[in-house]
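To start, the structure itself, in structure tokens.
The values are calculated or read from the model by the stated rules, or taken from the named source; none is laboratory data. Everything quoted here is computed from the prediction, not taken from an experiment. Note: ideal-geometry Cβ built from the backbone for every residue, glycine included; neighbour counts use all protein chains shown. Surface areas here come from the heavy atoms of the whole protein model, side chains and all, with no ligands, DNA or RNA. Shrake-Rupley method; radii C 1.70, N 1.55, O 1.52, S 1.80 Å.
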Amino acid sequence: MYSIYIIMFSQISSLFVTVVRGKTPVFELPTLLLMIGCGILGGLVGSKINKKIDNKTVDHLFIGLMAIIIVINIFNIYRYS
């Protein structure tokens, strides 16, 4: 639970720095609204799923997703270097 707060404050500070430096990307309004809606919907669905599975399964899913993200990052490093 604490990691979610760490991520939230990290992203808020990153957003602040991006806005202050004037480097915010341009989004079409429908795209921005879709991203916001999907983020909220994903949070709600994830919360409901989390209540129906045990902590050990959540830990395994988290570790699996982290492994996939690491593999994607390694692939991107080699592809773009």
Among the residues listed as Lys52, Lys23, the single one being touching a helix residue (DSSP H, G or I) at 6+ places or on another chain (Cβ under 9 Å), basic (Lys, Arg) and exposed (fewer than 10 other Cβ atoms within 10 Å of the Cβ): Lys23
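Taking segment 4-20 as the search range and keeping residues that are open to solvent by 90 Å² or more (accessible area, probe 1.4 Å) and within 15 Å of the chain's Cα centre (by Cα), which one is nearest to Leu61 (Cα to Cα)?
Going residue by residue through segment 4-20, those that are open to solvent by 90 Å² or more (accessible area, probe 1.4 Å) are 4-7, 9, 11-12, 15-16, 20.
Adding the requirement that they be within 15 Å of the chain's Cα centre (by Cα) leaves 4-7, 9, 11-12, 15.
On the way: Ile4: 16, Tyr5: 20, Ile6: 20, Ile7: 18, Phe9: 24, Gln11: 23, Ile12: 26, Leu15: 28 Å.
Out of the qualifying residues, it is Ile4.
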